[in-house]
Amino acid sequence: MPCTGRCVNYAFPADILDGPMVDEQTGLIVYLIATKRTFGGGGSTSVTRPDGSSVGDIRWHDLCNITLIAFNGLAPMTEDQFMVEKRSNGLFSPYIQIWRDESGEEFYWKGGSCYDDQGNLIARYDTSVPHLFRKNEPATLHIDSAYAHLLDRMLFTTLMIEWSGSGIKRGSARGGGEGGGMSGGDGGGGDD
């Protein structure tokens with residue numbers, strides 16, 4: 001369910017790792033996501049803008065558990081360098097996955113929700129919901145328009161969490177997630 005008010009809503013392709021990501025308000029393609037899977041569970045994902053400029057690449061290495069990220073022209077880094085920390089607050093608590101923007105400000109994913117370092121909800125990721133008698137709803141990313149400049153990095157953190165299958169609520173994230181809804185409006189961009 002898209003948020004309303006001051007939020008920007010993005011729809012992922014049917015296969016979150018392969019196809020166009022679209023701004024739901026304008027219908028315009030924001031990113032082209034292409035993944036090549038390899039034998040053994042690895043592969044690579046490249047993200048480009050519609051003009052062909054590269055946002056970055058992720059090289060998935062499941063066998064040795066090392067993922068390399070080349071993001072926005074920065075030197076390649078490991079998943080642990082990109083996603084600063086992963087921890088759980090208890091046996092039945094979702095993982096908290098901490099990441100930083102270029103200025104060093106910390107954000108974290110908990111379940112399907114992303115928060116700033118003050119605990120304010122800034123984004124929500126909803127996984128695809130399969131339906132028996134109607135078209136499946138795509139996975140979506142809802143970002144408070146004040147944080148739309150972080151779209152590139154949020155996309156990469158979302159792809160990494162989705163690939164690993166940890167931290168994101170499956171199915172139950174639709175309908176509000178943790179911390180209530182956001183309100184939206186215009187926005188866009190990405191951290192160029």
Can you work out which of the residues in the stretch 60-91 that are open to solvent by less than 40 Å² (accessible area, probe 1.4 Å) and under 24 Å from Ser103 (Cβ atoms) is modelled with the lowest pLDDT? Thr67
Restricted to the stretch 148-174 and to residues being farther than 19 Å from Ile29 by Cα and at pLDDT 60 or above, the residue surrounded by the fewest Cβ atoms within 10 Å (Cβ to Cβ) is Gly165
Pull up the stretch 92-104, narrow it to residues that are over 18 Å from Trp60 (Cβ atoms), open to solvent by less than 50 Å² (accessible area, probe 1.4 Å) and of a type outside the set (Ser, Thr, Tyr), then point me to the one that is modelled with the lowest pLDDT. Pro94
I'm told Pro13 meets every condition in (1) in a strand (DSSP E or B); (2) surrounded by 14 or more Cβ atoms within 10 Å (Cβ to Cβ); (3) at pLDDT 85 or above except one. Can you identify the failing condition by its number? (1)
What tally of residues in the stretch 31-59 results from selecting those that are part of a loop (DSSP other than H, G, I, E, B) and open to solvent by less than 30 Å² (accessible area, probe 1.4 Å)? 1
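The values are calculated or read from the model by the stated rules, or taken from the named source; none is laboratory data. Please read all numbers here as calculations on a predicted model, not as lab measurements. Please note: Cβ atoms are built from the backbone with ideal geometry, for glycine as well, and neighbour counts cover all protein chains shown. Quick note on the areas: whole protein, heavy atoms, side chains included, nothing else; ligands and nucleic acids left out. Shrake-Rupley method; radii C 1.70, N 1.55, O 1.52, S 1.80 Å.
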